[in-house]
Amino acid sequence: MFLINCPFCGERDQSEFSSGGEAHIVRPKQPTELSDDEWAEYLFMRKNIKGIQFERWNHVHGCRKWFNVVRDTSNDKILSVYKMGEKPPVNYK
Amino acid sequence: MPNYRIHKTEYIDETKRVSFKYDGKTYFGYEGDTLASALLANGIHLVGRSFKYHRPRGIVSCGAEEPNAICQIGSKKDLTEPNVRATELELYEGLEASSQNCWPNVKFDIGGINNFISPLIPAGFYYKTFMWPKSFWKKVYEPLIRLSAGLGKSPTEPDPDIYDHKYVHYDVLVIGGGVSGIIAAKMAAKNNLKTLLVDDKKILGGSTIYQNNESIKIDDKLSSEWLKNEIQEIKKLSNLTIKTRTSIAAYHGYNFLLAKENLTDHLPEEKKKNKIRQRLWKIRAKKVVIATGSIERPLVFNNNDRPGILLSNSINKYLDYYGVTCGENIILFTNNDSAYETSISLHKKGIKNIIVDLRKSASSELIKQAESLGIKIYFNHVVTNTFGYRKINSLEIMKLSEDGNTTVGNKIRLSCDCLGMSGGWTPMVHMHTQSGGKLDFRDEDQVFLPKENSEDQISVGSCNGDFDLENIIDKTVNKINKFLDIDNQDYQDTNIICSKENDKRNIWLLPNKIPLGKTKCFIDFQNDSTAKDIKLALKEGFRSIEHVKRYTTTGMATDQGKLSNMHALGIIADTAGVKMGTLGTTTFRPPFTPLTFGTLVGRNVGKFFEVVRKTSMHEWHVENNAEFENVGQWKRPWYYPKNGENMYAAVQRESKAARDSAGILDASTLGKIDIQGTDASEFLNRVYTNAWSKLAIGKCRYGLMLNEDGMVYDDGVTTRISENHYLMTTTTGGAANVLNKLEDYLQTEWPELDVYLTSVTDHYSTASICGPNSKKILNKLFPNLDLSDENFPHMSFKEDKLENINCRIMRISFTGELSYEINIESKYGHSLWKMCIEAGKEFNLTPYGTETMHLLRAEKGFIIVGQDTDGTMTPSDLQMDWIVSKKKYDFIGKRSLYRSDTIREDRKQLVGLLTDDPKEILEEGAQIVSDVKSKPIDMLGHVTSSYFSPNLNKSIALAVVRSGKTMKGQKLIIPMENKNINVTVSDTIFLDKENKRLNA
């Protein structure tokens, strides 16, 4: 059970949150221009990393805000949290 | 009756005699006893039969590691518990316990025959034997195996006990109240840290609390006396909480731990009543100190499992703590110093004992003390066999060869009534590894130790491989100072004298002249696996410890191999010729000791099992005999049986009434989302497949929502209340997910849109009135409202007052009838409903439930998302191309609608089905085929909705069928268990295709 530091509410138990998968996948602005393969890349392809992963989380039983999390999947340590729209911290790239 | 209680101790209250029953016979013990100590005091060693060979087994240990003394407590249908360790169960007046896994009784057990056919049941016996013939598995093998397997009996009725959960936060959690745990807790608490100390025993002090050897002293006091002082001191610390009878079950990430506190298990029946039995503590700790100690290892030799063979240190605890001797003529078999403490304790109490030591020689102060007391020691000797069926009566020892690989010389037979084994100590690294910590291997004494790599947990004391008192105290103090970043000087001048030394001669499988195949050298007592089984597994090609474990079942019993895992690893390493440290260990999984379901569930039983949502009209439905259906967390009226009607009859009546005159449905559970903002119209354009910009104020529109993969996600009617204000309805079950999804898009993809979403599902109650007479009923309720088709046409919205309370009225229809939905603030919902019923009396206004709603909409071919769709249906698959805008540039899921897969013509598509026999009702979920003779039968699809329509007087069904759109008029077959049902593919709309009834 993680402790997640919601950027709006502070540290809370994982049970208040829901995970939204990989972060920084932007919905294409012009989907109709895309080939099947390009659309499939957006729709289905997700990373599954052992190590540092950028994820979306939602404080669903709290402020209901979405935000981003940098997590090391090998030990579940959360290294950083930052708001939607903010650039990912460069030191984890 | 024999009495093995030979002296008084401060832990046994001899003024409080306790009577208990074991296997139906009454015995006596004292307050302070465990069931095991009380049985031993009565001379009872034999407490069960082993799992596979049904060999007689006795008490082995005095704690959580006990493999044999597991018993069934109580005999009531609701209050009986299997697999309770007698070594941990505190004795109470009226306790009833019985042995397990034996029939007819523990002394004469029919299953004992397995012991004599044991060569026929080696490791993997079940896998090898019950493979064929295949058909035998289900009818012969499985029932037989199930009959003979299992330990103890489960209760057959609900658990009447009360369980509780508690959440707590601490700066420091200390697990284990032995010497190192007490020191750690004191240092933390004195440094102003909020500290919790837990220990699974009744009192603190671990194994030092009953230590009375004169050659082990702290500050010139017996170590036990010194420790008692420390305990008195920590009890005064205000920010230290001490929880005894509390064991950590699991150590999860981020220092989240579960602990089980026993509150009443030690109390007599009448004192247990109405009290919380166990409490599950959910602990968050900033830092965790693990001081869980170590467990003594058995030794692996032929017939090492007879009753009367115990761990040496347990014999010591039974003696010095409980005042009970395990025998009168005891032999201690050891490879290290710690058995000598037991020997000296026994000697002082006048119990004759002999030591058999694997070591060639040893010369610590402790050994000198034993020698000076005249205790006979056989150095460089090994026990090769034991004798005695229901209890050990003698054993054979032989001299060890120089390299320790074989025995030499003649057998010496020694008589005894009890044998203590000491194979050294295994640090309890369970908590460390559960927390994600790794292990190192120390070759000298063959132990796995915690590898320190964490900032928020640390292991101290013997669970960290420090076995002598001097090391334990010094290292604990240093480590805790560093770990907590404090500078505690309390123990700087503590003077420790410990005469024990750590040398040890470790031999995992002890040598014997008898071939291994003819021996029974037990490794896992509870699952009956032997050294022979491990070797067989290796011979058959198993290499990974995880595979050997599963093949031989070593370490897989309720004790989770606390006594056996290390020996299995050692024998594998020796046999395979690899270093033990490179093998790794099996995974230490929670719980450390078994938990009851009750503890895990806590208060969430019965009506607290799950949250129940009720509409404001719920009481009326209950009063009017409704049967309820669970839809998500909602309780929805399913149907309203009258005069003993069954569901079918009630639904037929309700459906007919709704179409003939009027029906009323509680539609309050539909999800309602209030959408406001200058970009509300644009937002709806993006989330629904159809166009929304041109919807006039006061009008309603049906919308279909897709996932980005093009599959139908939800549907519902949305009303434009004003320029920038909409009210969206969703399916009952989908409401929360739809809101989540919409918020996700708004916050992450389209943050530039000015849109605000509010869930108002619970704020409004909805009565939906349908049928040809619904307008007349509405007119009675709202006499001032112009209900003409011109002023209030289908798919439009009006506001009016009912007794001065605002109502939102939508003329929308899910039944195909003229229909109105009246929304009112929820607190008035019950009154609204009653007023509707009253107004509708003269028109036979009939309340109907979800089943009739489903039937009525099926007659009209309206889909239910989640029943006719399953996350793989596109709008086109549902024959709903009409609702997908061709003009809009984009909406969620649009691009996916022309992926190569979604435009396939042989996708499963929604069709109607009519049975050739109009009275035959199909089963929902039934498979659809065109040819029953081909093998394998080609499955074309399945039935999604099926009813007998009273309005059409025939059976109707919706189904998804491969290429269904092109199959109208085609004959298909529904193969059922005992017949094939012939059907014809039809249109999905069965009634009123022209929509005349909407304006009736």
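Some notes on this structure:
- Note on A:39-45: average number of Cβ atoms from other chains within 10 Å of each residue's Cβ is 3.
- Spherically averaged projected area of the protein assembly as shown from its Cα convex hull (nm²): 51.9 nm²
- Over the Cα atoms of segment B:472-609, the radius of gyration divided by the Kirkwood radius equals 1.15; this is the Rg/Rh ratio.
- Average partner coverage of B:734-742, which counts Cβ from other chains inside 10 Å: 1
- Euclidean distance between Cα centres, segment B:490-522 to segment B:920-972, Å: 73 Å
- Ranked B:Tyr210, B:Tyr254, criterion: other C-beta atoms within 10 Å, fewest first: B:Tyr254, B:Tyr210
- Helix axis angle, B:850-859 relative to chain B longest principal axis, alpha carbon, degrees: 50 degrees
- Packing, as the average of other Cβ atoms within 10 Å across residues, places the peptides B:397-403, B:761-767, B:54-60, A:84-90 in the order B:54-60, B:761-767, B:397-403, A:84-90, highest first.
- Size descriptor, Kirkwood hydrodynamic radius, that averages inverse alpha-carbon separations across segment B:666-856, Å: 17.3 Å
- Exposure proxy ranking for B:Val865, B:Val601, based on other Cβ atoms within 10 angstrom of each Cβ and starting from the fewest, stands as B:Val601, B:Val865.
- Whether segment B:858-1000 is rounded, prolate or oblate, judged on the alpha carbon gyration tensor where a/c under 1.5 counts as rounded: oblate
- Look at the alpha carbon pairs under 8 Å that are at least 6 residues apart: their mean separation over the length of chain B gives a relative contact order of 9 percent.
- Each of the peptides B:155-167, B:277-289 was scored by the mean count of other Cβ atoms within 10 Å over its residues; in descending order, highest first, they stand as B:277-289, B:155-167.
- With Cα atoms, 0 to 90° folded angle of helix B:338-348 axis to chain B main axis: 60 degrees
- Cβ-Cβ distance of B:Glu645 and B:Arg17, R₀ of 45 Å, FRET efficiency by 1/(1 + (r/R0)^6): the value works out to about 0.10.
- Each stretch of four or more DSSP H residues adds -39500 (n - 2.57); spread over every residue of the protein assembly as shown, this sum gives -5500 deg cm²/dmol at 222 nm.
- Packing, taken as the mean count of other beta carbons within 10 Å per residue, orders the peptides B:502-511, B:882-891 from highest to lowest as B:502-511, B:882-891.
- Entries in B:Lys438/B:Lys539; A:Lys50/B:Lys741; B:Lys656/B:Lys860; B:Lys741/B:Lys860; B:Lys317/B:Lys352 that, when Cα-Cα distance is taken, lie over 19 Å: B:Lys438/B:Lys539; A:Lys50/B:Lys741; B:Lys741/B:Lys860
- Cα gyration tensor category, rounded, prolate or oblate, for chain A with a/c compared to 1.5: prolate
- Taking the longest Cα principal axis of chain B as reference, the axis of helix B:469-483 is set at about 40 degrees.
- Rounded Å value of the spacing that divides the Cα centres of segment A:18-75 and segment B:186-225: 52 Å
- Volume per residue that the Cα convex hull of chain B spans, once the total is divided by residue count, Å³: 228 Å³
- Between B:Ser215 and any residue 5 or more places off or on another chain, the built amide H atoms are never under 5 Å apart.
- Shown in residue order for segment B:649-661 are the 3J(HN,Hα) couplings computed by the Karplus curve 6.51 cos²θ - 1.76 cosθ + 1.60 at θ = phi - 60°: 5, 5, 5, 4, 5, 5, 5, 5, 4, 5, 8, 7, 9 Hz (x for Gly and Pro).
- Prolate/oblate/rounded call for segment B:831-929, Cα gyration tensor, a/c under 1.5 rounded: oblate
- Counting neighbouring beta carbons within 10 Å and listing from fewest to most, the residues B:His621, B:His7, B:His347 come out as B:His7, B:His347, B:His621.
- Using θ = phi - 60° and Karplus 6.51 cos²θ - 1.76 cosθ + 1.60, couplings along segment B:791-808 (whole Hz; Gly, Pro as x): 7, 9, x, 3, 6, 9, 9, 9, 10, 8, 10, 10, 6, 6, 9, 5, 10, 9
None of the figures in this text is laboratory data; all of them are computed from the coordinates on show. A quick note: this is a predicted structure, and the numbers were derived from the prediction, not measured. Neighbour counts run over all protein chains shown; Cβ positions are idealised from the backbone, glycine included.
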